[in-house]
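A short reminder: the numbers here are calculations on the coordinates, not readings from a lab. These numbers come from a predicted model, not from an experiment. Every residue, glycine among them, receives a Cβ derived from its backbone with ideal geometry; neighbour counts consider all protein chains shown.
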Amino acid sequence: MAQRILLIEDEPGLVMTLTDRLRGEGHEVDEASDGVTGQERAQTGNYDLIILDVMLPRKNGLDVCRDLRQASVRTPILMLTAKGQVVDKVVGLQLGADDYLTKPFDMMELVARVNALLRRTEARPLSSAQAAYEFGAVRVDFKRGEAMRSGKRVALSSREFQLAKYLIDRRGEIVSRDQLLQDVWGYNALPETR
């Protein structure tokens with residue numbers, strides 16, 4: 001089954017190149033050339049991944065990312081931008097992006113990152129019993145993408161929510177560090193960091 005990708009990018013040449021390549025990989029691709037339109041489509045469409053440029057007309061990608069996360073949109077976001085300084089990457093990730101790729105980039109790396117994000121987020125269908133999970137005073141609602149403790153919302157980053165869902169889906173099982181790094185963080189090779 002083809003996965004749906006929303007590409008929010010304003011450079012026509014890059015839009016054409018990325019769209020052709022992603023469609024060649026078997027994905028359906030919708031496009032938006034400004035931040036406002038992109039955010040509207042991301043909130044109303046059912047996408048498996050969002051590729052989001054930072055420097056966009058009408059509304060920048062960082063604001064779009066933040067607003068999507070505040071609206072409980074949990075679709076993975078790959079930031080694609082010419083801003084390559086560490087502080088830019090950190091800000092993007094803290095606002096809710098799942099990955100960050102700087103321009104110019106190698107197309108093979110972009111496709112690998114897209115595939116890693118799509119693999120990590122392939123959702124198994126939730127039964128009504130799995131739509132939320134409760135333990136003690138904590139309730140994790142998968143449909144709404146939020147966690148509550150004693151009736152108060154707990155602020156979770158996108159990655160923290162993915163980690164919580166991954167562990168809840170595998171409750172009662174032993175999960176190795178290697179499995180977490182591969183399935184939640186998308187690392188294909190083991191990093192040296194702890």
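A Förster radius of 41 Å combined with the Cβ-Cβ distance from V90 to A2 puts the calculated FRET efficiency at roughly 0.80.
Taking the C-alpha atoms only, the angle from helix 61-70 to the longest principal axis of the chain is near 20 degrees. Calculate how steeply helix 158-169 sits against the longest principal axis of the alpha-carbon atoms of the chain, using the helix alpha-carbon long axis, and give the answer as 0 to 90 degrees to the nearest 10. So the helix axis and the longest Cα principal axis differ by about 40 degrees.
How high is the relative contact order of the chain? Use alpha-carbon pairs under 8 Å, at least six apart in sequence, and give a whole percent.
14
Rounded if a/c is under 1.5, else prolate if a/b is larger than b/c, else oblate: which is the range 133-174, with a ≥ b ≥ c the root eigenvalues of its Cα gyration tensor? Oblate shape, in that a/c is at least 1.5 and b/c is the bigger or equal ratio.
To the nearest 10 degrees, how steeply does helix 107-121 sit against the main Cα axis of the chain, on a 0 to 90 scale? Here the helix axis deviates by roughly 20 degrees. Need one word for the range 1-71: rounded, prolate or oblate. Basis is the Cα gyration tensor (sqrt eigenvalues a ≥ b ≥ c); a/c below 1.5 gives rounded, then a/b vs b/c decides. Because a/c hits 1.5 or more and a/b fails to exceed b/c, the range 1-71 counts as oblate.
Comparing mean-square fluctuations of K59, K143, K89 from a GNM of the chain with C-alpha springs under 10 Å, the top value falls on K143.
Computed from label points 7 Å out along Cα-Cβ, the spacing between R41 and N60 is 2.2 nm.
Cross-link reach is defined here as a Cα-Cα straight distance under 16 Å, omitting same-chain residues fewer than 8 places apart; for K89 the aspartates and glutamates meeting it are D53, D63, D98, D99.
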